[in-house]
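Q: Got a structure here, written out as structure tokens. Questions coming.
The values are calculated or read from the model by the stated rules, or taken from the named source; none is laboratory data. Note that the structure is predicted; figures quoted are calculated from it, not measured. Neighbour counts are summed over all protein chains in view; Cβ atoms, including those assigned to glycine, are modelled from backbone coordinates with ideal geometry. With ligands, DNA and RNA removed, areas are computed over all heavy atoms of the protein, side chains included. Shrake-Rupley method; radii C 1.70, N 1.55, O 1.52, S 1.80 Å.
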There are 2 protein chains.
Amino acid sequence: MQKVAVAGVGMTKFGCSQKSQVEMFAEAAMDALVGSNLEPKDVQALFVGNVMGDFTEGQLNIAAFCASELGLSVNAPAVRVEGACASASVAIREAYNWIASGVYDIILVGGTERCLTMDTSLATRTFAMGSDSRYEVFNGLTFPGVFGMAAHLYSDKYQVPLSTLSEAMARVAVKNHKNGAKNPLAQFQKEISVETVQKSAMIADPLRLFDCCPFSDGAAAIVLASEKVIHKLTDKPVYILGVGQAHGGPLYRQKDITRIRAREASAAQAYEMAGLTPGDMDVCELHDCFTIAEILAVEGLGFYTPGKGYTSVMNNETGLDGKIAVNPSGGLKAKGHPIGATGAAQAFEIVNQLRGECGERQVKGAKRGITDTLGGDLGTIVNIIYGV
Amino acid sequence: MQKVAVAGVGMTKFGCSQKSQVEMFAEAAMDALVGSNLEPKDVQALFVGNVMGDFTEGQLNIAAFCASELGLSVNAPAVRVEGACASASVAIREAYNWIASGVYDIILVGGTERCLTMDTSLATRTFAMGSDSRYEVFNGLTFPGVFGMAAHLYSDKYQVPLSTLSEAMARVAVKNHKNGAKNPLAQFQKEISVETVQKSAMIADPLRLFDCCPFSDGAAAIVLASEKVIHKLTDKPVYILGVGQAHGGPLYRQKDITRIRAREASAAQAYEMAGLTPGDMDVCELHDCFTIAEILAVEGLGFYTPGKGYTSVMNNETGLDGKIAVNPSGGLKAKGHPIGATGAAQAFEIVNQLRGECGERQVKGAKRGITDTLGGDLGTIVNIIYGV
């Protein structure tokens, strides 16, 4: 197996776009290619994460159309993968293996999604297709409902008063908005207060509006290259040190939704492959689709023991200068969440952090970072560890 | 790279099913696992082709739910891929590489789709999402329209009178129904005549009803295993000798839709990797979504020179005892076409043919076979060569 590195990265501004999903992807991809000193003809394969291009634009088979829009060689396979909100991270892991195995040296990979310019009154219901259609969607369960339940279960299991947990959740939102305010590509670039969160509308008890990430349009892309060619493309390679992916399945098969088994399995795969531990990570982009989700994720990734994740924000340990910087980009909460693109946007941030190119939101001396992407309520988890 | 073999195969009857897509997949997968002397816990990763489970059942992230239904280990990544009607073949190629690269030894891969029990009055329009939404679907183009145009262009370019071409097309249908009549899993198990085709309703000139494959429900699955473990699983291994995949893109980027560049590129990749030529193939399962598509495919795969593919059926050269047996299963035309499952069903047939287990429709002495799967009008092509 040969080593795999990121050569270049690209990302559209997240928020509301007038472009199609193919056009957004092409914008991000051209930035990633230019940043890698490559032309489209150099790309040997393409992987695209996309969740519901058929619903939003009537477009299936989207990877082939992205390839054609960019002018890739007809010989380049173009593969769409879908693992709900983890789609782009699934794509990165697939691309990783095609280079690690020595078949290809240069692969373009990313994701694209239109969520904001669809009818957002239907968005929550549409997104719910990422959970089990037979027993969950059928009964009206949506993602805010799942994570609202998880918050109550967490409060009960660990005897954390709901008022304390709600404050911690609000502080997750405050931290991520503070980071997003320093990110010119973020959907929300405005700081908020704990009061902003706690006075916002109730969505799914105890989750309020500002506990929820927004609907977003956007795309992100990265170029992966083999160790053989990476030094011709960039003098700032960022290596993929470990990858992990695991599956959960429907909620009724879970023992405890406050501890996502699939995340623990996936993270263990990635740490073992990298030969690293949670304590070795300097920076983390994780799946804060709801504020409680960040608290569960810092535990699942091994930064905090179960039941102590909420202290991360209470003790200001996950800010830009904390013991582990979590979601310096603003996370899904402030940067935005164009679902099929999110995993690639997380990679975009980690790579820029490890290159020391994040300006005001730079995590000082960051050498190793991890991404965490969740698809569905608990269905698909991908973790990828990067290092310089 | 280690060699990759098929250990076992499974397939539901194609046609109309009362099961969900996950349940159909589990049925096919359990047959493939039992045929491989394996249990679900032995599976290290899962790849599932599915095109529009969100439209038909409100189900995204379907690979994770298939994995959970089967009781796979949480550590097994479950990946859905979508390349329109080529989805399951894309899945097989991805799975192939994870074993070839030495990461895994046992992978379950296949596809599942519900097309018949959806509202079929919308099916053609829904399927059209596999072509370009901005310039094709938007203007009302559907797949019957594309292949109707291809037939007219073929007739004009090669000066084959439309009456001759139409007869050849009808003979494709007659041949594939004759084969399907010998396949207990086929949707249509009834022979037809040239007259049946030529008296059927006009769909998209010159394509008549019996020039078109049906809508179908169904699933198929295969178990791939490394050369290290294959001999513990079966005494009839069938090896994957070559894989190819290429992308086309929208019609307006094509020079000539009677010659699908992506197929020629993909087939060349597969033949080169296998070190074989078209003349080495004994049996072929190809993408006869319309009868004209089989004529184009036998040319694209190198069995006939461009403009001569129609002679394959006029001279009875592609029957079970012809120079190359094409679609012994009945093909999409008679076996049926549950779109996300089709590539895996092609693999199912080729593996059974190379094992000599096809009974009445057995191609005598078949040692090498190729599958050909087309996604969209010309968007995605995958070819896989199998041998014993």
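Q: So for region B:50-202, averaging the separation of alpha carbon pairs under 8 Å that are six or more residues apart and normalising by length, what relative contact order in percent results?
A: On the way: 108 pairs, mean separation 19.7, N = 153.
That works out to 13 percent.
Q: Hey, can you find the accessible area per residue of region B:96-245 for me, probe 1.4 Å, expressed in square angstrom?
A: Numbers: 5830 Å² over 150 residues.
Counting only protein heavy atoms, the per-residue value for region B:96-245 is 39 Å².
Q: Take every Cα-Cα pair in chain A and report what % of them are more than 35 Å apart.
A: In whole percent, the long-distance tail amounts to 17.
Q: Going 7 Å from the Cα of B:GLN198 toward and past its Cβ, which residues in region B:302-334 have a backbone nitrogen under 16 Å from where you end up?
A: Under 16 Å, as judged by backbone N against the label point of B:GLN198, lie B:313-315 of region B:302-334.
Q: Let me ask something additional. Relative to the first principal axis of the alpha-carbon coordinates of chain A, what is the inclination of helix A:342-354, with its axis defined by its Cα atoms, in degrees from 0 to 90 and to the nearest 10?
A: Once rounded, the angle reads 80 degrees.
Q: Using only the Cα atoms of region A:259-388, build the gyration tensor, take square roots of its eigenvalues as a ≥ b ≥ c, and label the shape rounded, prolate or oblate: rounded if a/c is under 1.5, else prolate if a/b is larger than b/c, else oblate. Spell out each step's value before the answer.
A: Values: a/c = 1.22, a/b = 1.19, b/c = 1.02.
In terms of gyration-tensor shape, rounded.
Q: Suppose you put the label 7 Å out from Cα in the Cβ direction; list, shortest first and in nm with one decimal, how far A:THR120 is from each other copy's label.
A: 4.1
Q: Going 7 Å from Cα along the Cα-Cβ axis for the label, what nanometre distances separate B:HIS152 from the same residue across the other copies?
A: Reported distances to equivalent positions: 6.2 nm.
Q: Karplus couplings for region B:161-168 from phi (6.51 cos²θ - 1.76 cosθ + 1.60, θ = phi - 60°), rounded to Hz, Gly and Pro as x?
A: x, 4, 5, 5, 4, 5, 5, 4
Q: May I ask which residue of A:GLY242, B:ALA67, A:THR142 lies farthest towards the positive end of the charge dipole of the protein assembly as shown, with charges of +1 (Lys, Arg) and -1 (Asp, Glu) on Cβ and the Cα centre as origin?
A: The Cα lying farthest towards the positive end belongs to A:GLY242.
Q: Oh, and also: Calculate for chain A the 222 nm mean residue ellipticity that helices alone would give, adding -39,500 (n - 2.57) per DSSP H run of length 4 or more and normalising by residue count, nearest 500 deg cm²/dmol. Please list the in-between numbers first.
A: On the way: 14 runs with 136 residues, N = 388.
-10000 deg cm²/dmol, from helical runs alone.
Q: Another one. In degrees between 0 and 90, to the nearest 10, how far off the longest principal axis of chain A does helix A:261-274 point, with axes built from Cα atoms?
A: With rounding to tens, the tilt is 40 degrees.
Q: Could you size up the charge dipole of chain A around its Cα centre, putting +1 on the beta carbon of Lys and Arg and -1 on that of Asp and Glu, and report it in debye to the nearest 20? Could the numbers behind the result be given before it?
A: Values: 34 positive and 40 negative charges, 102 e Å.
Result for chain A is approximately 500 debye, rounded to the nearest 20.
Q: Still on this structure, I have one more. Roughly speaking, what is the centre-to-centre gap between region A:24-94 and region A:330-349 when only Cα atoms are used, to the nearest Å?
A: Taking the Cα centre of region A:330-349 as reference, the centre of region A:24-94 is 16 Å away.
Q: Grab the residue from chain A whose Cβ hugs the A-to-B rotation axis most tightly, plus its distance in whole angstrom.
A: Smallest Cβ distance to the axis, with its residue: A:SER101, 2.
Q: Here's another thing I want to ask about it. At a probe radius of 1.4 Å, figure out the A/B buried accessible area, summed over both chains, and give it in Å² to the nearest 100. Please list the in-between numbers first.
A: On the way: alone 14560 and 14640 Å², together 24190 Å².
Between A and B, the summed buried area is about 5000 Å².
Q: Can you give me the angle between helix B:21-34 and the longest principal axis of chain B, using Cα atoms only, in degrees from 0 to 90, rounded to the nearest 10?
A: Helix B:21-34 sits roughly 60 degrees off the main axis of chain B.
Q: Follow-up question, since we're still on this one. Please compute the per residue accessible area over region B:274-388 with all protein chains in place, 1.4 Å probe, rounded to a whole number of Å². Walk me through the numbers on the way to the answer.
A: Working: 2700 Å² over 115 residues.
Value returned for region B:274-388: 23 Å² of accessible area per residue.
Q: Continuing with the same structure: Dipole of region B:83-194, Cα-centred, from +1 at each Lys and Arg C-beta and -1 at each Asp and Glu C-beta, to the nearest 20 debye? Don't skip to the end; give the middle numbers.
A: On the way: 10 positive and 9 negative charges, 66 e Å.
It works out to roughly 320 debye.
Q: Residue farthest toward the positive end of the dipole of chain A, with Cβ of Lys/Arg at +1 and Asp/Glu at -1: which of A:THR12, A:ALA76, A:TYR304?
A: A:TYR304
Q: Which whole-Hz ³J(HN,Hα) couplings does region B:70-87 yield from phi under the Karplus relation 6.51 cos²θ - 1.76 cosθ + 1.60, θ = phi - 60°, glycine and proline marked x?
A: 7, x, 5, 4, 4, 6, 7, x, 10, 10, 8, 10, 9, x, 6, 5, 8, 3
Q: Another question, then. What is region B:15-68 by shape, rounded, prolate or oblate, if you read a ≥ b ≥ c off the alpha carbon gyration tensor as root eigenvalues and call it rounded for a/c under 1.5, prolate for a/b larger than b/c, and oblate otherwise?
A: It comes out oblate by the Cα gyration axes.
Q: Shifting gears a bit: Sorted from shortest, what are the nm distances separating the label point of A:LYS228 from equivalent points in the other copies, each placed 7 Å from Cα along Cα to C-beta?
A: So the distances to the same position in the other copies read 2.3 nm.
Q: If you place +1 on the Cβ of every Lys and Arg and -1 on the Cβ of every Asp and Glu, how big does the dipole about the Cα centre of the protein assembly as shown come out, in debye to the nearest 20? Mind dumping the intermediate values first?
A: Values: 68 positive and 80 negative charges, 101 e Å.
In total the dipole reaches around 480 debye.
Q: Hey, another quick one. Just to be sure I understand: of the beta bridges DSSP finds with both ends in the protein assembly as shown, what percent are antiparallel, rounded to 5?
A: Numbers: 79 of 109 bridges.
Percentage antiparallel, nearest 5: 70.
Q: Follow-up question, since we're still on this one. Amide H of A:VAL51 versus every other amide H placed in the peptide plane: which residues, excluding those fewer than 5 positions away on the same chain, fall under 5 Å?
A: Residues meeting the amide H criterion: A:GLY340.
Q: Right, next: May I ask you to find the residues of region A:1-29 that are shielded by at least 30 Å² of accessible area once the whole protein assembly is considered instead of their isolated chain (probe 1.4 Å)?
A: The answer is A:MET1.
Q: What's the percent breakdown of Cα-Cα distances in region B:137-290 across 10 Å bins, shortest bin first?
A: The percentages, shortest bin first, are 9, 27, 34, 23, 7, 1.
Q: OK, next. Pairs of Cα atoms under 8 Å, at least six residues apart: use those to get the relative contact order of chain A, whole percent. Before the final figure, lay out each step's value.
A: Details: 981 pairs, mean separation 101.3, N = 388.
Once normalised by length, the contact order is 26 percent.
Q: Considering the options B:THR112, B:THR124, B:VAL172, tell which one lies farthest towards the positive end of the dipole of chain B, charges being +1 on Lys and Arg and -1 on Asp and Glu at the Cβ, about the Cα centre.
A: Of the candidates, B:VAL172 comes out farthest on the positive side.
Q: Further, regarding this structure: Can you list the residues of region B:44-58 that have at least 10 square angstrom less accessible area with all protein chains present than in their chain by itself, probe 1.4 Å?
A: B:VAL51, B:ASP54, B:PHE55, B:GLU57, B:GLY58
Q: At a 1.4 Å probe radius, carbon and sulfur cover how many percent of the accessible area of the protein assembly as shown? Present the calculation step by step, with values, prior to reporting the outcome.
A: On the way: 12480 of 24190 Å².
Of all accessible area on the protein assembly as shown, carbon and sulfur atoms account for 52 percent.
Q: Taking 20 Å² as the minimum loss, tell me which residues in region B:64-79 lose that much accessible area going from the chain by itself to the full protein complex (1.4 Å probe).
A: With the partner chains in place, region B:64-79 has these residues losing at least 20 Å²: B:ALA64, B:PHE65, B:SER68, B:GLU69, B:VAL74, B:ASN75, B:PRO77, B:ALA78, B:VAL79.
Q: Another question, if that's okay. What is the diffusion coefficient of the protein assembly as shown in µm²/s, taking the Kirkwood radius over Cα pairs and the Stokes-Einstein relation at 10 °C with a viscosity of 1.306 mPa s?
A: On the way: Rh = 25.9 Å.
So the translational diffusion coefficient is about 61 µm²/s.
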